[in-house]
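Heads up, the thing below is written out as C-alpha cells.
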Amino acid sequence: GPALSIRANPSKFNSSFLNHLPVERRVPWCEEGYYLSERPSFTLDPLFHAGAYYVQEPSSMFLSHALHSLCDLSGSLRVLDLCASPGGKSTLIQSAISSESLLISNEVIRSRVGVLCDNLTRWGADNVVVTHNDARDFAALEDFFDIIVVDAPCSGSGLYRKEPEAINEWSSQHVLHCAARQKRILADVMPSLAPGGMLIYSTC
C-alpha cells in the first residue's frame, strides 16, 4: 500500500515520542518527516490531538526541501498558502518560517475552512491567519508576499493510487477545465507577489 508518514511539529515534538510510534525511517527530503511501518490509531493518540505531529504523504513534504533550498527563511517573511485546506502545507510552512513571519492560510471552499482552522489550531501557532477568499481578492495586496504557495486544484489523477474509483471521474474536458482554472488562479494572485519573491506551484 501507499507509504504512511508523519511530520513532527518541531515546537512540540520530543525525540522520546518516536518510541511511541512505529517509526521505520526518516523521509530524506524533510527533516521532520518519518515513515511509519504500520498505521497507528491516530484518533486514540493524545500526541496527535495535541498537534505533536501531522499525518502527511511523503511527496507533500517535498515543499520543505523547496522552501529551505530556494528561500532565506531566517528573516521576517510574509507568506501566502493560497489553496491551504486541510492544512498539511500550512503547518509545514509555519514550522519552516521564523516566529516574526506571517502566514496567511487561505481556503476558497467554505466547507473546507473548518478543518483547516482545526488543524492549524492543533498545530498551535500565533503567526497564522486563516482566510476564506478568492485568489483575485489578494491582488489588492500589491507586492505584499515574499512567498506564495499554490497547491492548485487539479484533475485528481494523483488520487488513482489511493482511490481507484477516481479514474472514473477523469475526462479530457475536466482536464482542460482544471488547466484554465489553474491559469486563472495564478494570474489572479501574481500581483500580490513582491518583486524577487518566490512562487511555489504544485498539483497532486
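The values are calculated or read from the model by the stated rules, or taken from the named source; none is laboratory data. The structure displayed is predicted, hence computed values, not measured ones. Glycine also receives a Cβ, built like all others from the backbone with ideal geometry; neighbour counts cover every protein chain displayed. Note: accessible area is taken over every heavy atom of the protein model, side chains too, but ligands, DNA and RNA are not part of it. Shrake-Rupley method; radii C 1.70, N 1.55, O 1.52, S 1.80 Å.
Below, the figures for the structure above:
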item: Any chance ALA84 is under 16 Å from the mean Cα position of the chain (by Cα), in a loop (DSSP other than H, G, I, E, B) and modelled with pLDDT of 95 or more; result: yes
item: Cβ-Cβ under 6 Å pairs, at least 6 apart or on other chains, segment 184-204 side over 20 Å from LYS89 (Cα atoms), far side hydrophobic (A, V, I, L, M, F, W, C) and outside any strand (DSSP E or B); result: ASP188/ALA135; PRO191/ALA139
item: Failed condition for ARG122, given (1) surrounded by fewer than 21 Cβ atoms within 10 Å (Cβ to Cβ); (2) under 14 Å from the mean Cα position of the chain (by Cα); result: (2)
item: Cross-chain or 6+ apart pairs with Cβ under 7 Å, segment 139-159 first and farther than 29 Å from SER59 by Cα, then open to solvent by less than 10 Å² (accessible area, probe 1.4 Å) and at pLDDT 95 or above; result: ALA139/SER192; LEU141/SER192; GLU142/SER192
item: Pairs where the first residue, in segment 1-22, is touching a residue at least 60 places away in the same chain (Cβ under 8 Å) and the second is in a loop (DSSP other than H, G, I, E, B) and of a type in the set (A, V, I, L, M, F, W, C), C-beta under 6 Å, 6+ apart; result: ASN9/ALA52; LYS12/ALA52
item: Filter result (of a type outside the set (Asp, Glu), assigned to a loop (DSSP other than H, G, I, E, B) and open to solvent by less than 40 Å² (accessible area, probe 1.4 Å)) within segment 125-142; result: ALA125, ASN127
